[in-house]
Amino acid sequence: MRQRYRDDGGTLLRIWCGLVFAFLVAPIAIIVLTSFTGGETVAFPPAEYSLRWYEKVLGHIVDAPGLKPGLATAFLLSLRVGLAVALGASVAGVLAAYGLYRFRFRGMALVRQYFMIPLMFPQIVTGIALLVWFSHLRWLAPIARLIIGHMILTLPYVILTVGASLEATGGDLEEAAVGLGASRPRAFLSVTLPLIRQGVGAGAIFAFIISFNAFTVSYFLYSGDALPLPIWVFEYMAYFLDPTLAVISTFLIALTLAAVVALDRLVGIRRLTARS
Amino acid sequence: MSVTATAIGVPAIRRRRWRWVPRLGLLVPAIAVTASLLVAFLIILRFSFNTWSPATGMASAWSVVNYVAFLTDSFHYKALFTTLKISIIVTTIGLCLGYPVAYLLSVSQRKHLILFLIVLPLLMDVLVRAYGWIVLLSRSGLVNRVLIRTGVVERPVQFLGTETAVVLELLHEILPFMILPIAAVLQRIDPALREAAVGLGATRLTAFIRVTLPLSLPGLLAGTLLTFSLSMSAFVAPLVLGGGRVAMMSILIQQQMTMLLNWPAGAAQSIVLVILVSGLLLGYARALREQPGNR
């Protein structure tokens, strides 16, 4: 009798995929291991392990050699921008998704596509276009340039995530609340918003990560007064390649890991990928 | 229904006529955010027709000289050529690496772990990733050590600043975007089809080539177009791993805008890049719509 067909892909496939996973994880693993080196360089594998570069980074927090703002300043700026972007994109995104997904109106498909336009633009072009425009708007605060640039990047993701939540929830409960005498804003705030809070949370975290890690757009919009962390890392990289960066990168990897776990808890990693 | 009308205190007919006004109001903040990108884009579109000289700077004009440069100036069309070449290499290798992973993802019991491995690099800081590759590829890095230890080369190879380094970093960046659309399509293919093919006497390889592969073509097309467009617009890989020496279009644009301050030329190159990339992405969106079982 023929053996029952088992669709596990076979050994060769597993080995191949194992190699691809190794390729995906290698740069991350290397950074984490390098951060514990006891040597002077990023040579790998390290001859000895120590925490000396972690101590060194602690010294860089206030002011780093050759770089104007210290590490803490850049980190706090990225944090401020990220939080502002997460909040701004969430508010604008929830309102827009609510308007788009809950009501039907003529031209709705067109408006949906309009909101996806930023995804069609290479980020370098977004950065350059804003650079040129903002050079005419000298009154605009340096940090506001970054916030606007990052909001453009993140808004499509928030609208998609919140819209998916709204579609999954349906409008019946809100209509019931309105039928029972609640005003539309009241019904939205006390019925619909709690129902879609996971989608909103996921959108906000997504927006924060994208903003916190954004490099290309920030590269054209930053200034000495508003220098985000990725730019700080880039400038540091231009001067030094010592293991200090490995320590900072390890910290950023841990932060991303935490965010991925949070996203997974909120919406499930599977739904996250189905959208992207 | 009468409860609604009295509770709100507005006659039903009037309410219906004006109902769309607050709804469109909901869209205004988001429309404004996206519009700021379009305004900025229109400005560089206008600038791309201006003229420029090193002595006098930008002058207002309606000229296509910046676009013509793409066909005549070797500096320009070489950048386009390099960009296309690297994008083709990255997409081809990405497809070979990514398709099997997508297949494993669609049949594996441990989907969650695999997805985690794929999504983590996706969300990671681009510079952290680039730094990881610098450490790996540096003259005293792991790759060179292994190459010397195994006797493939005698002296360390200079990877940084070459197209090889750019291709490796880009591959790492685009692989999730290749894997996920393919896996999404593979997951929708009924395993019974494969089973039937094998039951009717096909080998597993034949079943794959005759049944699974053709059915997964829309996902394959979507992943290919998406990764190709991402490679075309890559900036961090050529900037950091290429050290600015691998002249892709993004590097050319950056140099025109920030070093030479030739805004009209940089604007025209940006417009060309937008047209190429958005054309590819429209194809991607169409491929996604044509997936089996999708509406």
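Does region B:122-130 include one or more residues that are of a type outside the set (A, V, I, L, M, F, W, C), in a helix (DSSP H, G or I) and facing chain A (nearest Cβ under 7 Å)? Break it down stepwise before answering.
So in region B:122-130, the residues of a type outside the set (A, V, I, L, M, F, W, C) come out as B:125, B:129.
Those still in the list that are in a helix (DSSP H, G or I) too: B:129.
This time we only want the ones that are facing chain A (nearest Cβ under 7 Å), so: B:129.
Yes: region B:122-130 contains one or more residues that are of a type outside the set (A, V, I, L, M, F, W, C), in a helix (DSSP H, G or I) and facing chain A (nearest Cβ under 7 Å).
Can you tell which of B:Val185, B:Val198, B:Val277, B:Val240 is assigned to a helix (DSSP H, G or I) and over 25 Å from the mean Cα position of the chain (by Cα)?
After ruling out the rest, the residue left standing is B:Val198.
In region A:214-244, what residues are closer than 23 Å to B:Ser138 by Cβ and among the small types (Gly, Ala, Ser)?
A:Ala238
What number of residues within region B:59-93 are without any contact (Cβ under 8 Å) to a residue 60 or more places away in the chain and either polar (S, T, N, Q) or touching a Leu at 6+ places or on another chain (Cβ under 6 Å) (or both)?
5
Being surrounded by 14 or more Cβ atoms within 10 Å (Cβ to Cβ) and in contact with a helix residue (DSSP H, G or I) (Cβ under 7 Å, 6 or more places away or on another chain) is the filter here, so list the residues in region B:145-165 that pass it.
Once the filter is applied, which keeps residues that are surrounded by 14 or more Cβ atoms within 10 Å (Cβ to Cβ) and in contact with a helix residue (DSSP H, G or I) (Cβ under 7 Å, 6 or more places away or on another chain), region B:145-165 yields B:Pro156, B:Val157, B:Phe159, B:Leu160, B:Glu163, B:Ala165.
Can you tell me which residues in region B:94-130 are of a type in the set (Ser, Thr, Tyr) and either without any contact (Cβ under 8 Å) to a residue 24 or more places away in the chain or in contact with a strand residue (DSSP E or B) (Cβ under 7 Å, 6 or more places away or on another chain) (or both)?
B:Ser108
So, B:Ala192, is that one surrounded by fewer than 22 Cβ atoms within 10 Å (Cβ to Cβ) and over 30 Å from B:Phe116 (Cβ atoms) or not?
So B:Ala192 does not fit the description; no.
Has region A:188-204 got at least one residue that is among the basic types (Lys, Arg), out of contact with any Asp or Glu (no Cβ under 9 Å at 6 or more places or on another chain), at pLDDT 85 or above and assigned to a helix (DSSP H, G or I)?
yes
Could you figure out which of (1) within 10 Å of chain A (Cβ to nearest Cβ); (2) without any contact (Cβ under 8 Å) to a residue 24 or more places away in the chain; (3) of a type outside the set (Gly, Ala, Ser) isn't true of B:Ile148?
The one condition B:Ile148 does not meet is (1).
Might you check whether a residue that is in contact with a helix residue (DSSP H, G or I) (Cβ under 6 Å, 6 or more places away or on another chain) and among the charged types (D, E, K, R) occurs anywhere in region A:122-144?
For region A:122-144, residues in contact with a helix residue (DSSP H, G or I) (Cβ under 6 Å, 6 or more places away or on another chain) and among the charged types (D, E, K, R): absent.
When B:Glu195 is evaluated against the numbered criteria (1) closer than 24 Å to A:Ala214 by Cβ; (2) touching a Phe, Trp or Tyr at 6+ places or on another chain (Cβ under 8 Å), which criterion, by number, is the only one it fails?
Only one criterion is unmet by B:Glu195, namely (1).
Go through the residues of region A:167-180 one by one and say whether even a single one is in contact with a Leu (Cβ under 7 Å, 6 or more places away or on another chain), free of Cβ contacts under 8 Å to residues at least 40 places away in the same chain and among the polar types (S, T, N, Q).
yes
Residues of region B:244-276 being polar (S, T, N, Q) and either more than 10 Å from every other protein chain (Cβ to nearest Cβ) or on the phi > 0 side of the Ramachandran plot (or both), which ones?
Correct list: B:Gln255, B:Asn262.
Within region B:226-242, does at least one residue satisfy the condition of being surrounded by fewer than 22 Cβ atoms within 10 Å (Cβ to Cβ) and either more than 9 Å from chain A (Cβ to nearest Cβ) or at pLDDT 85 or above (or both)? Lay out the reasoning, then the answer.
In the first step, residues of region B:226-242 are kept if they are surrounded by fewer than 22 Cβ atoms within 10 Å (Cβ to Cβ); the result is none.
Within region B:226-242 (the criterion being surrounded by fewer than 22 Cβ atoms within 10 Å (Cβ to Cβ) and either more than 9 Å from chain A (Cβ to nearest Cβ) or at pLDDT 85 or above (or both)), the answer is no, since none of the residues qualifies.
Scan the helices (runs of 4 or more DSSP H) fully inside region B:14-112 and keep the ones with 1 or more residues being outside the structural domain of B:Gln256 (by TED's automatic domain parsing) and under 30 Å from A:Gly10 (Cα atoms).
By residue number, no helices (runs of 4 or more DSSP H) qualify.
Considering only region B:243-274, state which residues are part of a loop (DSSP other than H, G, I, E, B) and modelled with pLDDT of 90 or more.
B:Met248
Pairs, please: C-beta under 9 Å, at least 6 apart or cross-chain, first residue touching a residue at least 24 places away in the same chain (Cβ under 8 Å) and in region A:103-132, second assigned to a loop (DSSP other than H, G, I, E, B) and of a type in the set (Gly, Ala, Ser)?
Between residues of region A:103-132 that are touching a residue at least 24 places away in the same chain (Cβ under 8 Å) and residues that are assigned to a loop (DSSP other than H, G, I, E, B) and of a type in the set (Gly, Ala, Ser), the close pairs are A:Gln123/A:Ala214; A:Gln123/B:Ser233; A:Ile124/B:Ser233; A:Ile124/B:Ala234.
The values are calculated or read from the model by the stated rules, or taken from the named source; none is laboratory data. Note that the structure is predicted; figures quoted are calculated from it, not measured. Every residue, glycine as well, gets a Cβ built from its backbone with ideal geometry; the counts of neighbours run over all protein chains shown.
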